[in-house]
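The values are calculated or read from the model by the stated rules, or taken from the named source; none is laboratory data. Note that the structure is a prediction, hence the values are computed from the model and not measured. Positions of Cβ are generated from backbone atoms using ideal geometry, with glycine treated the same way; all protein chains shown enter the neighbour counts. Note: areas computed on protein heavy atoms with side chains; ligands, DNA, RNA excluded. Shrake-Rupley method; radii C 1.70, N 1.55, O 1.52, S 1.80 Å.
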Amino acid sequence: MNIITHGEIARLRRTNPALFSTPLIVRLRTGALWLGFVLAMAFGLWWVDANPMRIVNGLNKLGLLVGLMIPPHPGDGFWDYVHAMLETLGMAFLGTVIAAVLAVPLGFLGAKNIMPNPLFHFGLRRIYDGFRGIDGLVWALIFVSAVGLGPFAGVLAIAVGDLMIFAKLFAEAIENVETKQVEGVRAAGGSDTHVMRLGVFPQVLPVMMSHVLYFFESNVRSATILGIVGAGGIGLQLSDRMRINNWQEAAFIVLMILVTVAVIDNISRRIRARLIDAAPQT
């Protein structure tokens, strides 16, 4: 067992002072960062006029609403809600599939190993970033104004909102492919098209499908919100029931949404797990 003497400790203090005490500049910088964080939080709470009484009053009103929701009841609109839920699922499915299909060529164009031109790559990625900065709810409002109320506006909003996100994710997956398969196709005399179709696409397909399944699950929830702004589906039914203070039926619709999302989440998770297990190991 080695015993460190006082002399060795003193020598270590001289040669490696940072091991025994944090330098003053580091302590000041850390303190300044924490102070900035606290000031930002305090300013934000002041800006939104946050205070304990507003929270207490809000909880009292929330308790009243919960009481009005019990027991949840569909009333006479059960089959209308089922139809609206199917409409929401259709919006999410069509929007996700359209975005995924259109994103495949954009993903290849955005991958460095496919399009090595740095200027083209930088410009295209910035376009992706610009479109990703616009929320799906904004797209829904735009398309409701452009094509009118209904699920078609919701499909367009989901498709456009997801398109550039898929393109970025697909491009990153393509950039991380195993080069041995690509080189094997080239060595066999394959063209660039053959390389992408036989050497790249089979490797990234499971990853792409995993992303698509996850986004479909997420888009079912998003389609509900889009319906509130006029894009149809179960969100429109929920908005109407809340507007007329029919809270029992609103609670029933919320439960329908929760059950539907839970079922889709379970199925999607199982399929994603199988796709990941089936993906070629590099």
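Let me make sure I get this right: for the chain, a, b and c are the square roots of the gyration tensor eigenvalues over alpha carbons, sorted descending. Under 1.5 in a/c it's rounded, otherwise prolate if a/b > b/c, else oblate. Which is it?
Details: a/c = 2.21, a/b = 1.17, b/c = 1.89.
Here the chain falls in the oblate category.
Quick one: 3J(HN,Hα) in Hz for the stretch 135-145, Karplus 6.51/-1.76/1.60 with θ = phi - 60°, rounded, Gly and Pro as x.
Going residue by residue, I get 6, x, 5, 5, 4, 4, 4, 5, 6, 4, 5 Hz, with x marking Gly and Pro.
Hey, what's the stretch 75-278 come to in accessible area per residue, 1.4 Å probe, Å²?
I get 52 Å² per residue for the stretch 75-278.
From the backbone phi of the stretch 39-51, what are the Karplus-calculated ³J(HN,Hα) couplings (6.51 cos²θ - 1.76 cosθ + 1.60, θ = phi - 60°) in whole Hz, Gly and Pro given as x?
Working through the residues one at a time gives 5, 5, 4, 5, 5, x, 5, 5, 5, 8, 6, 7, 8 Hz.
Label the stretch 54-139 by shape, choosing from rounded, prolate and oblate, from the square roots a ≥ b ≥ c of the eigenvalues of the Cα gyration tensor; if a/c is under 1.5 it is rounded, and otherwise prolate applies when a/b is larger than b/c, oblate when it is not.
The shape class here is oblate.
What nm distance separates the two modelled labels at Asn113 and Asn60, each placed 7 Å from Cα along Cα→Cβ?
Distance between the two pseudo-spin positions: 6.3 nm.
What ³J(HN,Hα) values, in whole Hz, does the Karplus curve 6.51 cos²θ - 1.76 cosθ + 1.60 give for the stretch 104-113 when θ = phi - 60°, with x put for Gly and Pro?
Coupling constants for the stretch 104-113: 4, x, 5, x, 5, 5, x, 8, 5, 6 Hz.
Between Asp80 and Asp49, what length in nm is gained on full extension when 0.36 nm per residue of separation is reduced by their alpha carbon distance?
Taking 0.36 nm per residue and subtracting the Cα distance, the gain is 7.1 nm.
If you rank Thr179, Thr224 by how much accessible surface each has, with a 1.4 Å probe, what is the order from largest down?
Thr179, Thr224
Which Cα, out of Phe215, Leu205, Ala111, lies furthest along the positive dipole direction of the chain (beta carbon charges, K/R +1, D/E -1)?
Going by the charge dipole, the pick is Ala111.
Please check: in the Gaussian network model of the chain (C-alpha springs, under 10 Å), which one of Gly107, Gly133, Gly95 has the largest mean-square fluctuation.
Gly133
Taking the Cα centre of the stretch 75-278 as the origin and placing charges on Cβ (Lys, Arg +1; Asp, Glu -1), which of Val261, Gly130, Gly184 is farthest toward the positive end of the dipole?
Gly184
Quick one: how many Å² of His73 are accessible to a 1.4 Å probe, rounded to 10?
Result for His73: roughly 100 Å² accessible.
Between Phe120 and Ile142, what length comes free when the chain is fully extended (0.36 nm per residue of separation minus the Cα-Cα distance, one decimal in nm)?
Numbers: separation 22, 0.36 × 22 = 7.92 nm, distance 2.91 nm.
Answer, rounded to one decimal: 5.0 nm.
List the GluC sites (Glu not before Pro) within the stretch 149-252 that DSSP assigns to loop and that have no more than 16 neighbouring Cβ atoms inside 10 Å.
The qualifying sites are Glu178.
Under the rule of -39500 (n - 2.57) per DSSP H run of 4 or more residues, summed and divided by the residues of the chain, what mean residue ellipticity at 222 nm is obtained, to the nearest 500 deg cm²/dmol?
Computed mean residue ellipticity for the chain: -26000 deg cm²/dmol.
Identify, among Asn57, Gly36, Pro72, the residue whose Cα sits farthest towards the positive end of the charge dipole of the chain, taking +1 on the Cβ of Lys and Arg and -1 on the Cβ of Asp and Glu, with the dipole about the Cα centre.
Of Asn57, Gly36, Pro72, it is Gly36.
Considering only protein heavy atoms and a probe of 1.4 Å, how much of the accessible area of the stretch 75-278 is carbon and sulfur, as a whole percent?
67 percent
Under unit Cβ charges (Lys, Arg +1; Asp, Glu -1), what dipole magnitude, rounded to 20 debye, does the chain have relative to its Cα centre?
On the way: 22 positive and 18 negative charges, 244 e Å.
Charge dipole, the chain, about its Cα centre: 1180 debye, nearest 20.
Within the set of other residues whose C-beta is less than 11 Å from the C-beta of Met209, count the net charge using Lys and Arg as +1 and Asp and Glu as -1. It would help to have the intermediate numbers written out before the result.
Working: positive: Arg272, Arg274; negative: none.
Charge balance near Met209 sits at +2.
In whole Å, what is the distance between the alpha-carbon centres of the stretch 41-111 and the stretch 209-258?
Computed from Cα coordinates, the inter-centre distance equals 6 Å.
Could you check the simple spin-label distance between Ala42 and Asn266, using points 7 Å along Cα→Cβ, in nm with one decimal?
Here the answer is 5.0 nm between the modelled labels.
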